[in-house]
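I have placed the structure first, in the form of C-alpha coordinates, so that the comments after it can refer back to it.
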Amino acid sequence: MTTTPVVQRISECFVKPHGLTQVSNQICHLTQWDIVMLSMHYIQKGLLFKKPTPLVDQHDFIENLLEKLKHSLSLTLSHFYPLAGRLVTQKSQDPPSYAVSVDSKNSDGARFIYATLDMTISDILSPVDVPLVVQSLFDHHKAVNHDGHTMLLLSIQVTELVDGVFLGCSMNHAVGDGTSYWNFFNTWSQIFQSQAKGHETDVPISHQPILSRWFPNDCAPPINLPFKHHDEFISRFEAPLMRERVFHFSAESIARLKAKANMESDTTKISSFQSLSALVWRSITRACSLPYEQRTSCRLTANNRTRMEPPLPQEYFGNSVSRVSAETTVGELLENNLGWAAWKLHLAVTNHNDRVVLQSLKEWLQSPLIYQLGQPMDPYVVLISSSPRFNMYGNEFGMGKAVAVRSGYANKFDGKVTSYPGREGGGSIDLEVGLLPHIMSALESDEEFMKVVSVSNPLC
(Lines give C-alpha, C1' and ligand atoms only; values in the text may rest on other atoms or scores of the structure.)
Protein backbone atom coordinates (compact mmCIF):
# COMPACT_ATOMS: atom_id res chain seq x y z
CA MET A 1 0.00 0.00 0.00
CA THR A 2 1.43 3.36 -1.03
CA THR A 3 1.32 6.23 1.40
CA THR A 4 0.47 9.78 0.40
CA PRO A 5 3.49 12.10 0.65
CA VAL A 6 3.29 14.66 3.43
CA VAL A 7 4.18 18.34 3.48
CA GLN A 8 7.62 18.99 4.99
CA ARG A 9 8.20 22.38 6.58
CA ILE A 10 11.73 23.47 5.73
CA SER A 11 11.93 26.96 7.22
CA GLU A 12 9.88 29.79 8.62
CA CYS A 13 10.42 33.41 9.53
CA PHE A 14 8.49 36.57 10.33
CA VAL A 15 7.91 39.37 7.87
CA LYS A 16 7.20 42.86 9.20
CA PRO A 17 5.74 45.82 7.31
CA HIS A 18 8.36 47.94 5.57
CA GLY A 19 8.79 51.39 7.18
CA LEU A 20 6.07 51.42 9.85
CA THR A 21 4.58 54.86 10.51
CA GLN A 22 3.02 56.37 13.61
CA VAL A 23 -0.42 55.72 12.13
CA SER A 24 0.23 52.00 12.07
CA ASN A 25 0.73 52.00 15.85
CA GLN A 26 -2.91 52.86 16.45
CA ILE A 27 -5.47 50.44 17.83
CA CYS A 28 -8.03 49.37 15.23
CA HIS A 29 -11.45 48.59 16.77
CA LEU A 30 -13.49 45.76 15.25
CA THR A 31 -16.91 46.57 13.81
CA GLN A 32 -20.09 44.51 14.12
CA TRP A 33 -19.33 42.86 10.78
CA ASP A 34 -15.87 41.89 12.08
CA ILE A 35 -16.96 40.67 15.50
CA VAL A 36 -19.52 38.18 14.17
CA MET A 37 -16.60 36.31 12.55
CA LEU A 38 -14.68 35.61 15.78
CA SER A 39 -15.80 31.96 16.00
CA MET A 40 -15.32 31.24 12.28
CA HIS A 41 -12.09 29.93 10.74
CA TYR A 42 -9.36 31.93 9.05
CA ILE A 43 -9.78 32.52 5.30
CA GLN A 44 -7.59 29.95 3.51
CA LYS A 45 -7.19 30.41 -0.23
CA GLY A 46 -4.21 29.77 -2.44
CA LEU A 47 -2.91 29.59 -6.00
CA LEU A 48 -1.10 26.76 -7.73
CA PHE A 49 1.59 27.73 -10.26
CA LYS A 50 3.73 25.78 -12.72
CA LYS A 51 7.45 26.16 -12.31
CA PRO A 52 9.01 27.96 -15.26
CA THR A 53 10.62 25.68 -17.83
CA PRO A 54 13.35 25.00 -18.49
CA LEU A 55 14.86 25.46 -15.03
CA VAL A 56 18.65 25.50 -15.02
CA ASP A 57 18.95 25.42 -11.24
CA GLN A 58 16.00 24.39 -9.03
CA HIS A 59 17.71 25.60 -5.84
CA ASP A 60 18.52 29.05 -7.21
CA PHE A 61 14.97 29.42 -8.55
CA ILE A 62 13.27 28.72 -5.23
CA GLU A 63 15.77 30.76 -3.18
CA ASN A 64 15.30 33.74 -5.48
CA LEU A 65 11.51 33.34 -5.44
CA LEU A 66 11.34 33.17 -1.63
CA GLU A 67 13.44 36.32 -1.21
CA LYS A 68 11.31 38.25 -3.71
CA LEU A 69 8.10 37.03 -2.07
CA LYS A 70 9.29 38.08 1.39
CA HIS A 71 10.47 41.51 0.25
CA SER A 72 7.28 42.28 -1.70
CA LEU A 73 5.20 40.96 1.23
CA SER A 74 6.96 43.41 3.57
CA LEU A 75 6.15 46.28 1.19
CA THR A 76 2.53 45.09 0.89
CA LEU A 77 2.10 44.89 4.66
CA SER A 78 3.05 48.55 4.95
CA HIS A 79 -0.28 49.25 3.19
CA PHE A 80 -2.18 46.48 5.03
CA TYR A 81 -0.47 46.83 8.41
CA PRO A 82 -3.39 45.46 10.53
CA LEU A 83 -2.53 42.04 9.05
CA ALA A 84 0.80 42.25 10.84
CA GLY A 85 -0.90 42.82 14.20
CA ARG A 86 -2.61 40.77 16.89
CA LEU A 87 -6.06 40.76 18.42
CA VAL A 88 -6.35 42.29 21.88
CA THR A 89 -9.31 42.33 24.25
CA GLN A 90 -10.36 44.73 26.95
CA LYS A 91 -12.80 43.11 29.34
CA SER A 92 -14.57 43.74 32.62
CA GLN A 93 -16.62 41.49 34.89
CA ASP A 94 -19.26 43.77 36.34
CA PRO A 95 -21.07 44.51 34.15
CA PRO A 96 -19.76 41.88 31.71
CA SER A 97 -17.95 43.54 28.81
CA TYR A 98 -15.67 42.19 26.09
CA ALA A 99 -14.20 44.54 23.43
CA VAL A 100 -11.90 43.17 20.69
CA SER A 101 -9.45 45.29 18.66
CA VAL A 102 -6.39 44.88 16.43
CA ASP A 103 -3.06 45.99 17.90
CA SER A 104 -0.64 46.61 15.04
CA LYS A 105 2.21 47.68 17.29
CA ASN A 106 3.00 44.69 19.49
CA SER A 107 3.43 41.83 17.07
CA ASP A 108 6.05 39.78 15.28
CA GLY A 109 4.45 40.52 11.90
CA ALA A 110 3.25 37.86 9.45
CA ARG A 111 4.55 34.29 9.33
CA PHE A 112 6.30 33.10 6.15
CA ILE A 113 6.78 29.36 5.71
CA TYR A 114 8.69 27.43 3.07
CA ALA A 115 7.67 23.79 2.70
CA THR A 116 8.07 20.96 0.20
CA LEU A 117 5.75 18.22 -1.05
CA ASP A 118 6.85 15.29 -3.20
CA MET A 119 3.83 15.48 -5.52
CA THR A 120 3.13 16.92 -8.95
CA ILE A 121 0.51 19.42 -10.10
CA SER A 122 -1.26 16.48 -11.74
CA ASP A 123 -1.38 14.63 -8.40
CA ILE A 124 -3.27 17.63 -6.97
CA LEU A 125 -5.59 18.40 -9.88
CA SER A 126 -6.25 15.09 -11.66
CA PRO A 127 -8.28 13.24 -8.98
CA VAL A 128 -12.06 13.73 -9.16
CA ASP A 129 -12.11 14.77 -5.50
CA VAL A 130 -9.81 17.40 -4.02
CA PRO A 131 -7.05 15.42 -2.20
CA LEU A 132 -6.90 15.86 1.58
CA VAL A 133 -3.23 16.86 1.32
CA VAL A 134 -4.41 20.25 -0.02
CA GLN A 135 -5.41 21.14 3.55
CA SER A 136 -1.72 20.83 4.52
CA LEU A 137 -0.79 23.56 2.03
CA PHE A 138 -2.07 26.15 4.52
CA ASP A 139 -1.00 27.25 7.97
CA HIS A 140 -3.46 27.83 10.85
CA HIS A 141 -5.28 24.52 10.33
CA LYS A 142 -8.64 24.60 12.18
CA ALA A 143 -7.78 27.91 13.89
CA VAL A 144 -10.74 30.18 14.67
CA ASN A 145 -10.38 33.92 14.31
CA HIS A 146 -10.43 34.56 18.06
CA ASP A 147 -7.14 32.60 18.17
CA GLY A 148 -5.64 35.74 16.62
CA HIS A 149 -5.02 36.85 20.22
CA THR A 150 -2.11 34.40 20.37
CA MET A 151 -1.64 33.44 16.70
CA LEU A 152 -0.54 35.64 13.83
CA LEU A 153 -3.29 37.27 11.78
CA LEU A 154 -1.59 36.41 8.49
CA SER A 155 0.46 33.39 7.50
CA ILE A 156 1.91 32.65 4.07
CA GLN A 157 2.97 29.11 3.17
CA VAL A 158 4.98 28.56 0.00
CA THR A 159 4.98 24.85 -0.82
CA GLU A 160 7.34 23.60 -3.52
CA LEU A 161 5.99 20.66 -5.53
CA VAL A 162 7.97 18.59 -8.05
CA ASP A 163 6.83 20.77 -10.96
CA GLY A 164 4.97 23.58 -9.27
CA VAL A 165 4.62 26.03 -6.39
CA PHE A 166 1.56 26.50 -4.21
CA LEU A 167 1.14 29.90 -2.59
CA GLY A 168 -1.26 29.46 0.34
CA CYS A 169 -2.48 32.35 2.44
CA SER A 170 -4.31 32.15 5.78
CA MET A 171 -5.84 35.45 6.90
CA ASN A 172 -7.86 36.19 10.00
CA HIS A 173 -11.48 36.60 8.91
CA ALA A 174 -12.28 39.01 11.75
CA VAL A 175 -9.84 41.47 10.17
CA GLY A 176 -11.16 41.27 6.60
CA ASP A 177 -13.60 39.58 4.21
CA GLY A 178 -13.10 38.08 0.76
CA THR A 179 -12.98 41.50 -0.93
CA SER A 180 -10.28 42.61 1.53
CA TYR A 181 -8.43 39.31 1.16
CA TRP A 182 -8.17 39.51 -2.62
CA ASN A 183 -7.29 43.21 -2.57
CA PHE A 184 -4.37 42.27 -0.33
CA PHE A 185 -3.39 39.39 -2.64
CA ASN A 186 -3.76 41.52 -5.80
CA THR A 187 -1.65 44.29 -4.26
CA TRP A 188 1.03 41.81 -3.25
CA SER A 189 1.16 40.53 -6.83
CA GLN A 190 1.33 44.07 -8.19
CA ILE A 191 4.21 44.99 -5.89
CA PHE A 192 6.01 41.72 -6.72
CA GLN A 193 5.77 42.47 -10.42
CA SER A 194 6.87 46.11 -9.96
CA GLN A 195 9.81 44.87 -7.94
CA ALA A 196 10.78 42.61 -10.84
CA LYS A 197 10.83 45.69 -13.07
CA GLY A 198 13.35 47.42 -10.81
CA HIS A 199 11.06 49.39 -8.47
CA GLU A 200 12.34 48.73 -4.97
CA THR A 201 10.31 50.46 -2.28
CA ASP A 202 8.08 53.26 -3.54
CA VAL A 203 5.62 51.21 -5.59
CA PRO A 204 2.33 52.89 -6.55
CA ILE A 205 -0.63 50.53 -6.08
CA SER A 206 -3.97 50.46 -7.90
CA HIS A 207 -6.31 50.01 -4.94
CA GLN A 208 -5.02 51.63 -1.77
CA PRO A 209 -6.84 49.98 1.15
CA ILE A 210 -9.02 52.20 3.34
CA LEU A 211 -8.17 51.06 6.85
CA SER A 212 -10.46 53.31 8.92
CA ARG A 213 -13.37 51.16 10.13
CA TRP A 214 -16.98 52.05 9.40
CA PHE A 215 -19.50 52.20 12.26
CA PRO A 216 -23.20 53.19 12.16
CA ASN A 217 -23.95 56.74 13.30
CA ASP A 218 -25.38 55.62 16.63
CA CYS A 219 -22.52 53.26 17.44
CA ALA A 220 -19.25 54.53 18.84
CA PRO A 221 -16.29 52.13 19.10
CA PRO A 222 -15.26 50.03 20.84
CA ILE A 223 -18.21 47.64 20.72
CA ASN A 224 -18.63 45.93 24.08
CA LEU A 225 -19.97 42.41 23.97
CA PRO A 226 -22.02 41.28 26.99
CA PHE A 227 -19.65 38.41 27.86
CA LYS A 228 -17.16 37.70 30.65
CA HIS A 229 -15.14 35.08 28.79
CA HIS A 230 -14.64 34.01 25.18
CA ASP A 231 -15.85 30.49 25.99
CA GLU A 232 -19.36 31.99 26.03
CA PHE A 233 -19.27 32.73 22.30
CA ILE A 234 -16.42 30.66 20.76
CA SER A 235 -16.99 27.07 19.62
CA ARG A 236 -14.83 24.54 17.74
CA PHE A 237 -16.63 22.85 14.87
CA GLU A 238 -15.30 19.59 13.43
CA ALA A 239 -16.49 19.00 9.88
CA PRO A 240 -17.75 15.49 9.10
CA LEU A 241 -15.92 13.32 6.59
CA MET A 242 -16.94 14.79 3.25
CA ARG A 243 -16.14 14.57 -0.42
CA GLU A 244 -14.97 17.83 -1.94
CA ARG A 245 -15.09 18.38 -5.68
CA VAL A 246 -14.57 21.31 -8.06
CA PHE A 247 -17.18 21.60 -10.83
CA HIS A 248 -16.45 23.78 -13.86
CA PHE A 249 -19.08 25.78 -15.74
CA SER A 250 -18.10 27.38 -19.05
CA ALA A 251 -19.30 30.86 -20.01
CA GLU A 252 -21.47 29.31 -22.74
CA SER A 253 -23.05 26.82 -20.35
CA ILE A 254 -23.85 29.58 -17.83
CA ALA A 255 -25.28 31.82 -20.58
CA ARG A 256 -27.70 29.04 -21.57
CA LEU A 257 -28.66 28.52 -17.93
CA LYS A 258 -29.28 32.24 -17.44
CA ALA A 259 -31.45 32.42 -20.57
CA LYS A 260 -33.47 29.43 -19.35
CA ALA A 261 -34.03 30.93 -15.86
CA ASN A 262 -35.10 34.30 -17.28
CA MET A 263 -37.41 32.70 -19.86
CA GLU A 264 -39.09 30.54 -17.21
CA SER A 265 -39.61 33.57 -14.97
CA ASP A 266 -40.64 35.85 -17.84
CA THR A 267 -37.99 38.43 -16.95
CA THR A 268 -34.54 39.64 -17.98
CA LYS A 269 -33.36 40.54 -14.47
CA ILE A 270 -31.96 37.25 -13.18
CA SER A 271 -28.16 37.23 -13.20
CA SER A 272 -25.81 34.45 -14.26
CA PHE A 273 -24.77 33.78 -10.70
CA GLN A 274 -28.35 33.72 -9.41
CA SER A 275 -29.22 31.19 -12.14
CA LEU A 276 -26.26 28.98 -11.23
CA SER A 277 -27.01 29.28 -7.50
CA ALA A 278 -30.61 28.20 -8.13
CA LEU A 279 -29.39 25.15 -10.05
CA VAL A 280 -27.05 24.21 -7.20
CA TRP A 281 -29.75 24.73 -4.57
CA ARG A 282 -32.26 22.55 -6.43
CA SER A 283 -29.71 19.85 -7.28
CA ILE A 284 -28.20 19.49 -3.80
CA THR A 285 -31.66 19.51 -2.21
CA ARG A 286 -32.78 16.78 -4.61
CA ALA A 287 -29.62 14.79 -3.85
CA CYS A 288 -30.43 14.94 -0.12
CA SER A 289 -33.77 13.11 -0.67
CA LEU A 290 -35.57 15.21 1.95
CA PRO A 291 -39.28 15.09 2.83
CA TYR A 292 -41.29 17.51 0.69
CA GLU A 293 -42.64 19.37 3.75
CA GLN A 294 -39.12 20.13 5.03
CA ARG A 295 -38.05 23.79 4.89
CA THR A 296 -34.90 24.48 2.88
CA SER A 297 -32.90 27.63 2.25
CA CYS A 298 -30.15 28.91 0.01
CA ARG A 299 -27.86 31.53 1.54
CA LEU A 300 -25.59 33.79 -0.47
CA THR A 301 -22.80 36.00 0.84
CA ALA A 302 -23.57 39.60 -0.15
CA ASN A 303 -21.03 42.43 -0.26
CA ASN A 304 -22.61 45.34 1.63
CA ARG A 305 -20.23 47.99 0.26
CA THR A 306 -22.28 48.73 -2.85
CA ARG A 307 -25.56 48.53 -0.95
CA MET A 308 -24.80 51.30 1.53
CA GLU A 309 -25.97 54.88 1.00
CA PRO A 310 -23.52 56.39 0.38
CA PRO A 311 -21.69 53.25 -0.76
CA LEU A 312 -18.51 52.13 0.95
CA PRO A 313 -15.49 52.03 -1.38
CA GLN A 314 -14.49 48.60 -2.68
CA GLU A 315 -11.09 49.33 -1.10
CA TYR A 316 -12.65 49.40 2.37
CA PHE A 317 -10.50 46.96 4.37
CA GLY A 318 -12.45 44.92 6.88
CA ASN A 319 -15.64 42.89 6.79
CA SER A 320 -18.70 44.23 5.03
CA VAL A 321 -20.74 41.15 4.18
CA SER A 322 -24.13 39.74 5.09
CA ARG A 323 -25.94 36.53 4.31
CA VAL A 324 -29.05 36.87 2.18
CA SER A 325 -31.43 33.96 2.13
CA ALA A 326 -34.23 32.49 0.05
CA GLU A 327 -36.41 29.91 1.80
CA THR A 328 -39.17 27.52 0.77
CA THR A 329 -40.22 23.89 1.21
CA VAL A 330 -38.41 21.06 -0.55
CA GLY A 331 -41.65 20.27 -2.38
CA GLU A 332 -42.09 23.80 -3.74
CA LEU A 333 -38.42 24.03 -4.75
CA LEU A 334 -38.43 20.79 -6.71
CA GLU A 335 -41.95 20.95 -8.16
CA ASN A 336 -41.34 24.41 -9.61
CA ASN A 337 -38.77 25.11 -12.33
CA LEU A 338 -35.29 26.63 -12.27
CA GLY A 339 -36.62 30.11 -13.05
CA TRP A 340 -38.90 30.04 -9.99
CA ALA A 341 -35.96 29.30 -7.66
CA ALA A 342 -33.70 31.81 -9.42
CA TRP A 343 -36.35 34.53 -9.04
CA LYS A 344 -36.55 33.87 -5.28
CA LEU A 345 -32.80 34.33 -5.05
CA HIS A 346 -32.98 37.44 -7.24
CA LEU A 347 -35.55 39.01 -4.89
CA ALA A 348 -33.45 38.12 -1.84
CA VAL A 349 -30.42 39.86 -3.37
CA THR A 350 -32.22 42.97 -4.70
CA ASN A 351 -34.14 43.51 -1.46
CA HIS A 352 -30.88 43.58 0.49
CA ASN A 353 -30.48 47.38 0.54
CA ASP A 354 -29.14 50.10 2.84
CA ARG A 355 -32.28 50.07 5.00
CA VAL A 356 -32.10 46.30 5.52
CA VAL A 357 -28.37 46.41 6.29
CA LEU A 358 -28.74 49.21 8.86
CA GLN A 359 -31.76 47.53 10.46
CA SER A 360 -29.84 44.27 10.88
CA LEU A 361 -26.95 46.18 12.49
CA LYS A 362 -29.39 47.89 14.87
CA GLU A 363 -30.92 44.55 15.85
CA TRP A 364 -27.47 43.04 16.32
CA LEU A 365 -26.47 45.80 18.76
CA GLN A 366 -29.53 45.02 20.85
CA SER A 367 -28.73 41.31 20.85
CA PRO A 368 -25.16 40.55 19.72
CA LEU A 369 -24.71 37.26 17.89
CA ILE A 370 -21.45 35.56 16.91
CA TYR A 371 -21.64 33.24 13.88
CA GLN A 372 -21.09 29.61 14.91
CA LEU A 373 -19.89 27.12 12.33
CA GLY A 374 -21.99 24.40 13.91
CA GLN A 375 -25.33 26.24 13.64
CA PRO A 376 -26.30 26.29 9.93
CA MET A 377 -24.82 22.87 9.33
CA ASP A 378 -27.85 20.80 8.59
CA PRO A 379 -29.02 19.01 5.46
CA TYR A 380 -31.45 21.78 4.64
CA VAL A 381 -29.12 24.72 3.98
CA VAL A 382 -26.97 25.40 0.93
CA LEU A 383 -24.51 28.22 1.64
CA ILE A 384 -22.68 29.76 -1.33
CA SER A 385 -19.72 32.00 -0.48
CA SER A 386 -16.86 33.87 -2.15
CA SER A 387 -17.37 35.39 -5.62
CA PRO A 388 -16.39 34.67 -9.24
CA ARG A 389 -15.82 38.43 -9.54
CA PHE A 390 -12.69 38.35 -7.39
CA ASN A 391 -9.49 38.74 -9.38
CA MET A 392 -7.77 35.46 -8.56
CA TYR A 393 -6.03 34.55 -11.81
CA GLY A 394 -4.62 38.04 -12.30
CA ASN A 395 -2.10 37.34 -9.52
CA GLU A 396 1.32 36.53 -10.94
CA PHE A 397 4.56 35.96 -9.08
CA GLY A 398 7.07 35.39 -11.87
CA MET A 399 5.57 32.02 -12.84
CA GLY A 400 2.82 33.11 -15.22
CA LYS A 401 -0.89 32.60 -14.66
CA ALA A 402 -1.94 30.18 -11.90
CA VAL A 403 -3.31 26.81 -13.03
CA ALA A 404 -5.84 26.53 -10.19
CA VAL A 405 -7.28 28.07 -7.03
CA ARG A 406 -7.72 25.85 -3.98
CA SER A 407 -8.81 26.35 -0.38
CA GLY A 408 -7.99 24.75 2.98
CA TYR A 409 -10.07 23.12 5.71
CA ALA A 410 -11.56 26.40 6.86
CA ASN A 411 -15.29 27.11 7.12
CA LYS A 412 -16.47 23.97 5.34
CA PHE A 413 -19.42 21.75 6.10
CA ASP A 414 -21.97 19.59 4.32
CA GLY A 415 -23.72 21.87 1.83
CA LYS A 416 -21.01 24.55 1.62
CA VAL A 417 -20.25 25.83 -1.89
CA THR A 418 -17.37 28.19 -2.69
CA SER A 419 -17.37 30.09 -5.98
CA TYR A 420 -14.32 31.05 -8.06
CA PRO A 421 -13.81 32.50 -11.52
CA GLY A 422 -12.95 29.88 -14.13
CA ARG A 423 -9.34 29.94 -15.26
CA GLU A 424 -10.22 30.80 -18.87
CA GLY A 425 -12.20 33.88 -17.74
CA GLY A 426 -15.00 35.25 -19.89
CA GLY A 427 -17.68 34.62 -17.28
CA SER A 428 -16.78 30.98 -16.58
CA ILE A 429 -17.17 29.81 -12.97
CA ASP A 430 -15.75 27.05 -10.78
CA LEU A 431 -17.72 25.80 -7.79
CA GLU A 432 -16.00 23.97 -4.96
CA VAL A 433 -18.68 21.76 -3.40
CA GLY A 434 -18.40 19.88 -0.09
CA LEU A 435 -20.98 17.15 0.61
CA LEU A 436 -21.37 13.95 2.56
CA PRO A 437 -20.19 11.08 0.32
CA HIS A 438 -23.63 9.63 -0.44
CA ILE A 439 -25.05 13.06 -1.27
CA MET A 440 -22.11 13.84 -3.58
CA SER A 441 -22.71 10.55 -5.40
CA ALA A 442 -26.37 11.49 -5.84
CA LEU A 443 -25.38 14.93 -7.15
CA GLU A 444 -23.03 13.33 -9.69
CA SER A 445 -26.00 11.32 -10.94
CA ASP A 446 -28.28 14.36 -11.17
CA GLU A 447 -29.05 14.90 -14.84
CA GLU A 448 -30.18 18.53 -14.58
CA PHE A 449 -26.97 19.46 -12.76
CA MET A 450 -24.41 17.42 -14.69
CA LYS A 451 -25.57 18.52 -18.13
CA VAL A 452 -24.61 22.10 -17.19
CA VAL A 453 -21.17 21.06 -15.87
CA SER A 454 -18.38 21.58 -18.40
CA VAL A 455 -15.20 19.65 -19.02
CA SER A 456 -12.09 21.50 -17.92
CA ASN A 457 -8.42 20.56 -18.05
CA PRO A 458 -6.27 23.10 -16.19
CA LEU A 459 -3.18 21.00 -16.94
CA CYS A 460 -3.28 21.93 -20.63
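The values are calculated or read from the model by the stated rules, or taken from the named source; none is laboratory data. In this text, all values refer to a predicted model and were calculated from it rather than measured experimentally. FYI the Cβ positions are ideal-geometry reconstructions off the backbone, even for glycines, and counts take in every protein chain you see.
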Tell me which residues, restricted to segment 66-88, are over 15 Å from residue 14 (Cβ atoms), assigned to a helix (DSSP H, G or I) and in contact with a Leu (Cβ under 9 Å, 6 or more places away or on another chain).
-> 82
Restrict the check to segment 339-358 and report whether at least one residue is charged (D, E, K, R), part of a helix (DSSP H, G or I) and over 21 Å from residue 415 (Cβ atoms).
-> yes
Qualifying residues in segment 401-460 (those that are of a type in the set (Asp, Glu) and either more than 22 Å from residue 123 (Cβ to Cβ) or surrounded by fewer than 18 Cβ atoms within 10 Å (Cβ to Cβ) (or both)) - the one modelled with the lowest pLDDT = 414
Considering residues of segment 242-258 that are part of a helix (DSSP H, G or I) and within 26 Å of the chain's Cα centre (by Cα) only, the residue surrounded by the most Cβ atoms within 10 Å (Cβ to Cβ) = 254
Of all residues in segment 193-252, count the ones that are without any contact (Cβ under 8 Å) to a residue 24 or more places away in the chain and among the β-branched types (Val, Ile, Thr).
-> 0
Across segment 280-302, which residue is surrounded by the most Cβ atoms within 10 Å (Cβ to Cβ) among those that are polar (S, T, N, Q) and more than 28 Å from residue 178 (Cβ to Cβ)?
-> 294
The residue from 328, 296, 267 that alone is modelled with pLDDT of 95 or more, closer than 25 Å to residue 428 by Cα and either in contact with a helix residue (DSSP H, G or I) (Cβ under 8 Å, 6 or more places away or on another chain) or not acidic (Asp, Glu) (or both) is 267
With 261, 239, 326 as the choices, which residue is assigned to a helix (DSSP H, G or I) and either over 30 Å from residue 217 (Cβ atoms) or among the aliphatic types (A, V, I, L, M) (or both)?
-> 261
Does residue 144 satisfy being among the aliphatic types (A, V, I, L, M), crowded, with 21+ Cβ neighbours inside 10 Å and more than 28 Å from residue 6 (Cα to Cα)?
-> no
Long-range neighbours under 7 Å by Cβ, at least six apart or interchain, first residue aromatic (Phe, Trp, Tyr) within segment 292-309, second modelled with pLDDT under 95 and surrounded by fewer than 19 Cβ atoms within 10 Å (Cβ to Cβ) | none
Considering segment 25-82 alone, what residues qualify as being in contact with a helix residue (DSSP H, G or I) (Cβ under 6 Å, 6 or more places away or on another chain), closer than 23 Å to residue 397 by Cβ and either without any contact (Cβ under 8 Å) to a residue 24 or more places away in the chain or surrounded by fewer than 22 Cβ atoms within 10 Å (Cβ to Cβ) (or both)?
-> 55
Count, please, the residues in segment 360-413 that happen to be in a loop (DSSP other than H, G, I, E, B), among the acidic types (Asp, Glu) and without any contact (Cβ under 8 Å) to a residue 40 or more places away in the chain.
-> 1
Within segment 183-204, is even one residue crowded, with 19+ Cβ neighbours inside 10 Å, of a type in the set (A, V, I, L, M) and either in contact with a strand residue (DSSP E or B) (Cβ under 6 Å, 6 or more places away or on another chain) or under 30 Å from residue 97 (Cβ atoms) (or both)?
-> no
